[in-house]
1. Can you list residues whose amide H is under 5 Å from A:T200's amide H, if they're 5+ apart or on another chain and H is modeled 1.01 Å from N?
2. Give me the distance in nm between label points sitting 7 Å out from Cα along the Cα-to-Cβ direction at A:S219 and A:T198, one decimal.
3. With a cut-off of at most 15 other beta carbons within 10 Å, and DSSP calling the residue loop, which trypsin sites (Lys or Arg not before Pro) in the range B:64-114 qualify? Please list them.
4. Under a plain spin-label model, where a point goes 7 Å from the Cα along Cα-to-Cβ, how far apart in nm are B:A26 and B:V104?
5. How high is the relative contact order of the range B:70-111, in percent, with contacts defined as C-alpha pairs under 8 Å that are six or more residues apart?
6. Give me the distance in nm between label points sitting 7 Å out from Cα along the Cα-to-Cβ direction at B:E44 and A:A65, one decimal.
7. Apply 1/(1 + (r/R0)^6) to the Cβ-Cβ distance of A:T377 and A:L343, taking R0 = 30 Å, and write down the FRET efficiency to the nearest 0.05.
8. Using a 10 Å cut-off around each Cβ, can you sort A:L384, A:L129 from fewest to most neighbouring Cβ atoms?
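No lab work stands behind these numbers, since they all come straight from the coordinates. Keep in mind that what you see is a predicted model, and the values were worked out from it rather than measured. When we count neighbours, we look across all protein chains shown, and the Cβ atoms used for this are built from the backbone with ideal geometry, even at glycine.
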Amino acid sequence: MRTTRLAALCAVLVVALVAADRGRFGRFNSRCDQGRSSRGFLCDASSSVAAYFEFAPASGAGMGAACAGTAVTGSRGETVTVARGSAAECYSNDGQTLTQIASNLPRVSSGDITSTWLGIWSERPVTNLALRSRDLSVAGVWVPTSMTCTLTATGMRNDVNGASTCTATGANGTALQTLTVAAATRSTSLHLKRRTGTGTVEVTRNNGTTWSAVDASLSSTVWRRVVSVETAGCAGGNCIVVPAMTASVLNPVIGIRIVTSGDAVDVDFVQDENSPEPTSPILTTSASATRSGDLYTVTTATPAPAFCGAVTVVTGRTVPNTSSLLTFQSGGTYSFSLQTDSLSRATWYNGAVYSPAVSSTASTPGTFRLLGSHSGTTDRACMLGNCVSAANATALVTRTTVVLCGDSAFPTVAPPNGVCRGFQFDSDTTRCTP
Amino acid sequence: MSRATDAAILALGITLGAVGGEVLEAKPPQAKERPEEERLLYVEGVKKYVRPMTLIDGGEALLLVDAPSCVRRPTKHADCWRREPDGGARDFGVLNRFRASEAVGPECEPVACAVLAGEDADGAEDDKAPAVEDIGK
């Protein structure tokens, strides 16, 4: 008994797509200062000229407020459809609060504590195996040794008694949780804030075979997230990077150690997930919890035969960093997809080949911008303003669904696990901003 | 598989965020099951569980099974314990889910290992089951 991938894909599209047949390239008529349209295009600092379609621009047009859980649109009101099968958490721009957003609603925030430029969160489906992710006082699940944990801290939902305070009652106090799972690459993450003392605080995901100190980066005023790589949500200064938090361990034992008796820390949203980098927190109580993948789509006329597309991404993805960021599709078959390849290079993928094969700047976890264009005979790809070109006469199909920050044909592997913003595409290859 | 069931499974795929994977009734050779992500569903009124698998080619699939991989102690006084690596059995708390293979005691309640983010994991197991036959139609 089986259901084919194609059939599944069709089902997604049926659910996800509400036709929004908007816009034609012929709508262009005049330009405001710096060459922008007078018919609703926005004069963003991000673009010297406005593109036919813009989404999540620097002005915030169409995005609403951060973590409001309300519908988003293109900058001219184009319908953007959101499909996600579960609730999901949304970081505030400063990374200090989390708001749960219901299924099929967008998660909107900057993902970078130094920025207020709103983008969309697009993440792969993952499961948090750490039970009682906010309440380390639950006996049985969490095992304290020379440590007392109480559910008395104000947590990341700004909720009194929503998070845990753990206090060492002796030297080297620990609070640990044992997970039952096969060895595979997984990531542990948690939010910490110092409450009392100045001593050493450490984390582990291998039952203390190795402890990694984090106290040098702890704050007594702001939540910081212990992660294996800089990632959206804490990017910009609130990530405490401990590479050992991503590893392949059979039955990992995760937790914290407070070296000095009497010292205390607040703990919130502990996570252990099936991902090579941390993604946004997933609340758990008595069971593991799965957050479904995000899928954002817009239906519009095709910018063919020549076109360009661009997007900025805040992500913790590292090599291999294969993510689809702007995918032009027709009936589930993509014709062009602006991607990062397995070496974190910007490229177009036309369903058969990557073209150009490389871009000149490889990405590392952080914020980077990709641009691609197709003149009808030549592809061009850029990352962070560095561009390369290659011959390619493949034509774009004439009717297009555009997937923003993902690819509906590969929902489990395409999202970049981060925040995408500054989307542009246009029939003029010069109108997207590198 | 009937068309109705097809629809149900497709709806489930959306719910799980696992769209693109095939739904199978038998485990392919060398596929790695991920019971920690297993979830409950009803297929045409029959309680089933779907267990994600990683295929040998790196692809994804869902295994349809009848029995779940986890249990929980349903009430404070139920005889249900979690076996420790040292062989002893320990109180794992009320409602907290753990592997059925680690269960000790006759009163453990079979449950799926995972719920969807946003669901009430402490509620009755059947109440949380997605009515996928309705979603799919």
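1. HN-HN under 5 Å from A:T200: A:V259, A:T260.
2. 2.0 nm
3. Of the trypsin sites (Lys or Arg not before Pro), the ones in loops of the range B:64-114 whose Cβ has at most 15 other Cβ atoms within 10 Å are B:K76.
4. Each label point lies 7 Å from its Cα, and together they span 3.8 nm.
5. Details: 86 pairs, mean separation 23.1, N = 42.
Here the relative contact order equals 55 percent.
6. About 4.9 nm separates the two model spin labels.
7. Numbers: r = 26 Å, r/R0 = 0.86.
Between A:T377 and A:L343 the formula returns 0.70.
8. Numbers: A:L384 18, A:L129 27.
Taking fewest neighbouring Cβ atoms as first place, the list is A:L384, A:L129.
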